[in-house]
Amino acid sequence: MPAQIRREPGAHHPACAAPPPGARPISDAHRAPTRFYHNPRCSKSRGALELLRERGIEPALIAYLESPPDAAELRELLGLLGIGARALLRSGEDEYKQLGLDDAALGDEALIAAMAAHPRLIERPLFVHGGRAAIGRPPERVLALL
């Protein structure tokens, strides 16, 4: 017979504890097997989404500027894309220059931290489907995952 764990009334298992202060909750969209990191103000993002919808694909939409991926999610995306962090950076954004991200000595972890803190630095759109990912530039690149 397994040992029983006694807890004070109202006590919870540590693994079920609330996330630390400042941590963002992970939405279902961030876990969806078919998801699209979208900026509705971006014509490439709108175009790639339209191509998917024309083919009957309705991915979970992640407005990544409002609900940015954290460092762990960015690492997962980089793995699915098969690229290093620098290849996912938007070098034309003001934050890129302000943060000195053109420094070749910066490693992936520093670049991932910058993207997590400044989601405008993340190249868009990103489409995840079938255990793979693609950057939709040009928008037709998302179709390679179908």
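The values are calculated or read from the model by the stated rules, or taken from the named source; none is laboratory data. This structure is a prediction, so every number in the text was calculated from the model and none was measured. Here Cβ is always computed from backbone atoms with ideal geometry, including for glycine, and neighbour counts include all displayed protein chains. We work out accessible area using only protein heavy atoms, side chains counted, and drop any ligands, DNA or RNA first. Shrake-Rupley method; radii C 1.70, N 1.55, O 1.52, S 1.80 Å.
What tally of residues in the range 119-146 results from selecting those that are part of a helix (DSSP H, G or I), in contact with a Lys or Arg (Cβ under 7 Å, 6 or more places away or on another chain) and more than 25 Å from Leu99 (Cβ to Cβ)?
The total comes to 2.
Is at least one residue of the range 100-111 outside any helix (DSSP H, G or I), surrounded by fewer than 18 Cβ atoms within 10 Å (Cβ to Cβ) and among the acidic types (Asp, Glu)?
yes
Touching a strand residue (DSSP E or B) at 6+ places or on another chain (Cβ under 6 Å) and touching a residue at least 24 places away in the same chain (Cβ under 8 Å): is that true of Pro68 in this structure?
no
Is it true that Glu140 is touching a helix residue (DSSP H, G or I) at 6+ places or on another chain (Cβ under 7 Å), open to solvent by less than 50 Å² (accessible area, probe 1.4 Å) and among the acidic types (Asp, Glu)?
So Glu140 fails the test.
Confirm whether Leu81 is modelled with pLDDT of 95 or more, among the aliphatic types (A, V, I, L, M) and under 14 Å from Arg120 (Cβ atoms).
no
Could you check Pro40 against (1) in contact with a helix residue (DSSP H, G or I) (Cβ under 8 Å, 6 or more places away or on another chain); (2) surrounded by 17 or more Cβ atoms within 10 Å (Cβ to Cβ); (3) over 15 Å from Leu121 (Cα atoms) and say which number it fails?
(2)
Failed condition for Ala116, given (1) assigned to a helix (DSSP H, G or I); (2) without any contact (Cβ under 8 Å) to a residue 40 or more places away in the chain, with all others met?
(2)
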